[in-house]
Structure formats: C-alpha cells, structure tokens
Amino acid sequence: MAAKANTDFLFDTILRLKTREECRKFFADLCTYKEIDAMAQRLCAAQMLLSGETYEEIIEKTDISSATLSKVSRCVKHGEGYKNMLKPLNGAKTGGKE
C-alpha cells in the first residue's frame, strides 16, 4: 500500500474501535508501551494547555520534555486536532467556560 493508503487504513481501523477495552487491546498490539505513554502524555499536556496551565505546571505534573511540550503547544495554538477533540472535555470540565 502507498503511504496515504496505509494511513487511511490505520485511521479507518481506529474509527471501528467501540470500547476502551478494544482500544487497549488494539493499541497494545500496535504500539510499544512507551509509544502509548508518549501519546497519552501529549494529550494530557494539550488538555492542560487548553485549561490555562503553565509550562512549568505541565512539566511538573506530566514529566514531559520542554521540547515535546513546545511541539504540543504549537499544535494547540495553530492546529485543529487537539482543539477539536479536547474542547468538549474542557467545556465539561470547566462548566462550559472557555
């Protein structure tokens, strides 16, 4: 498969997952523990950035590197993925305030 077809196949497969347990099993087969941990860490850092936490607070709570946090921050500011996925979580967490 070509690169785009490969990534489309990956994303289509992920979209078929229905439960947290299915996700755990699939990602355990697909990724190493460190890869899963790194993705979770980035997601948590993005959530914290969107909630207004400082770099220092995020690094202290997540142990994320400053270089990785900087990349996450750029994506939060200029990308759409984190904002689209985490906005509802932040709205629920803060009682709808943004």
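Could you go through segment 17-33 and let me know if any residue there is surrounded by 15 or more Cβ atoms within 10 Å (Cβ to Cβ), farther than 18 Å from TYR82 by Cα and either in contact with a helix residue (DSSP H, G or I) (Cβ under 9 Å, 6 or more places away or on another chain) or of a type in the set (Phe, Trp, Tyr) (or both). Taking every residue of segment 17-33 in turn, at least one turns out to be surrounded by 15 or more Cβ atoms within 10 Å (Cβ to Cβ), farther than 18 Å from TYR82 by Cα and either in contact with a helix residue (DSSP H, G or I) (Cβ under 9 Å, 6 or more places away or on another chain) or of a type in the set (Phe, Trp, Tyr) (or both). Taking the criterion of being open to solvent by 70 Å² or more (accessible area, probe 1.4 Å), assigned to a helix (DSSP H, G or I) and in contact (Cβ under 8 Å) with a residue 12 or more places away in the chain, the only residue of segment 57-70 that qualifies is LYS61. Annotation: LEU86 fulfils all but one of (1) modelled with pLDDT of 95 or more; (2) open to solvent by less than 50 Å² (accessible area, probe 1.4 Å); the unmet one is (1). Can you find a residue in segment 2-13 that is at pLDDT 95 or above and closer than 20 Å to VAL72 by Cβ? For segment 2-13, residues at pLDDT 95 or above and closer than 20 Å to VAL72 by Cβ: absent. Only a single item in (1) surrounded by 12 or more Cβ atoms within 10 Å (Cβ to Cβ); (2) in contact (Cβ under 8 Å) with a residue 12 or more places away in the chain is not met by GLY79, and it is number (2). Between MET39, MET48, the distinction of being within 21 Å of LYS87 (Cα to Cα) and surrounded by 15 or more Cβ atoms within 10 Å (Cβ to Cβ) belongs to MET48 only.
The values are calculated or read from the model by the stated rules, or taken from the named source; none is laboratory data. Here the structure is a predicted model, which is why all the values come from computation and not from measurement. Positions of Cβ are backbone-derived with ideal geometry, glycine not excepted, and every protein chain shown enters the neighbour counts. Only protein heavy atoms, including side chains, enter the accessible area calculation; ligands, DNA and RNA are left aside. Shrake-Rupley method; radii C 1.70, N 1.55, O 1.52, S 1.80 Å.
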